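Before any comments, here is the structure.
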Amino acid sequence: MEDSYKHKGMRRSLVRKLREKGIRDKRILDAIGKVPRHFFFENALISHAYQDKAFPIGEGQTISQPYTVAFQTEKLKVEPGNKILEVGTGSGYQACILLELGAEVYTIEYNKVLYERTRKFLPLMGYRPKFFHGDGSRGLPRYAPYDRIIVTAGAPSVPNSLIEQLKIGGILIIPVGDSERQQMYRITRTGERQVSRETFDYFSFVPLKGDEGWGKG
Ligand code: SAM
């Protein structure tokens with residue numbers, strides 16, 4: 001895989017587009033400017049890698065739209081050293097952005113084929129989150145609590161397990177809605193039994209499967 005001047009130029013124009021769409025955090029724009037998104041695409045789709053669109057990655061799943069990645073990451077308020085759980089590893093692109101921000105990343109994927117593929121592929125690029133296979137709608141209790149949790153699939157409601165696995169002061173970003181569209185929620189755990197909720201724009205994600213998602217599917 002080659003990261004040519006042409007690809008770097010396309011990344012710069014993607015970053016410009018994200019800035020125009022309202023992404024302000026320079027660290028996130030720099031990370032998107034750095035991670036070669038075309039490495040995550042199969043050959044036939046490589047020319048589309050720097051469009052601001054979601055694309056298929058096999059197994060009926062997608063690599064999220066760059067704007068969506070940037071938006072969720074910005075709302076997550078990542079600080080260097082944060083311990084972050086990502087639910088929905090998919091291609092691994094979002095995990096790379098979180099690693100570029102200096103986070104310690106735990107990422108869990110439900111689909112075995114994608115889990116195996118991404119677990120082998122990301123370290124070849126020098127990115128080493130901790131990979132897990134399983135139902136992330138129930139979180140990853142073994143390594144809880146987390147400073148931040150990001151869910152990259154659409155949930156019918158906010159899973160209790162995820163709130164329970166947040167540190168006090170921790171933040172969960174999760175799209176919640178039906179199969180057509182979901183509203184982005186930011187949940188902050190303000191106390192042992194207290195949370196605050198903020199709502200943002202609507203997006204369209206693939207469904208969050210599993211016990212606290214839409215079921216086995
Ligand atoms: N973060 C990904 C990326 O950067 O490519 C985008 C992932 S895609 C939009 C959503 C992913 O969530 C899919 O790979 C899907 O298999 C996974 N998923 C769905 N339900 C899940 C669950 N309960 N636990 C873990 N992963 C799940």
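The values are calculated or read from the model by the stated rules, or taken from the named source; none is laboratory data. The shown structure was predicted, so the numbers you read here are calculated from the model rather than taken from an experiment. Quick reminder, even Gly has a Cβ in these numbers, built from the backbone with ideal geometry, and neighbours come from all protein chains shown.
Some notes on this structure:
- When we screen 106, 146 for residues that are buried (at least 22 other Cβ atoms within 10 Å of the Cβ) and either in contact with a Phe, Trp or Tyr (Cβ under 7 Å, 6 or more places away or on another chain) or of a type in the set (Lys, Arg) (or both), the only hit is 106.
- Qualifying positions in the range 150-198 - β-branched (Val, Ile, Thr) and either closer than 18 Å to residue 61 by Cβ or touching a Phe, Trp or Tyr at 6+ places or on another chain (Cβ under 9 Å) (or both): 150, 151, 152, 158, 173, 174, 176
- Some residue of the range 28-50 being polar (S, T, N, Q) and at pLDDT 95 or above: no
- Which numbered condition residue 132 fails, given (1) out of contact with any Lys or Arg (no Cβ under 8 Å at 6 or more places or on another chain); (2) farther than 13 Å from residue 89 by Cβ; (3) surrounded by 14 or more Cβ atoms within 10 Å (Cβ to Cβ): (2)
- Screening the candidates 195, 176 for the property of being within 16 Å of the ligand (Cβ to nearest atom), more than 22 Å from residue 99 (Cβ to Cβ), β-branched (Val, Ile, Thr) and assigned to a strand (DSSP E or B) yields one hit, 176.
- Scan of the range 78-99 for residues that are more than 9 Å from the ligand (Cβ to nearest atom), of a type outside the set (Val, Ile, Thr) and under 13 Å from the mean Cα position of the chain (by Cα), ordered by number: 85, 98, 99
- Subset of the range 151-173 (residues that are farther than 17 Å from residue 75 by Cβ and more than 15 Å from the ligand (Cβ to nearest atom)): 164, 167, 168
- The lone exception for residue 202 - which of (1) in contact with a helix residue (DSSP H, G or I) (Cβ under 9 Å, 6 or more places away or on another chain); (2) within 16 Å of the ligand (Cβ to nearest atom); (3) in a strand (DSSP E or B) it fails: (1)
- Scoring residue 11 on the criteria (1) away from the ligand (no atom under 15 Å from the Cβ); (2) assigned to a loop (DSSP other than H, G, I, E, B) leaves a single failure, condition (2).
- Residue count, the range 3-21 (criterion: exposed (fewer than 15 other Cβ atoms within 10 Å of the Cβ) and more than 9 Å from residue 67 (Cβ to Cβ)): 11
- So residue 70, is it more than 24 Å from residue 214 (Cα to Cα), small (Gly, Ala, Ser) and crowded, with 24+ Cβ neighbours inside 10 Å: yes
- Members of the range 107-150 that are part of a loop (DSSP other than H, G, I, E, B) and either more than 8 Å from the ligand (Cβ to nearest atom) or on the phi < 0 side of the Ramachandran plot (or both): 110, 111, 125, 126, 127, 128, 129, 135, 139, 140, 144, 145
- Members of the range 103-126 that are without any contact (Cβ under 8 Å) to a residue 40 or more places away in the chain and within 15 Å of the chain's Cα centre (by Cα): 104, 105, 107, 108, 109, 115, 118, 122
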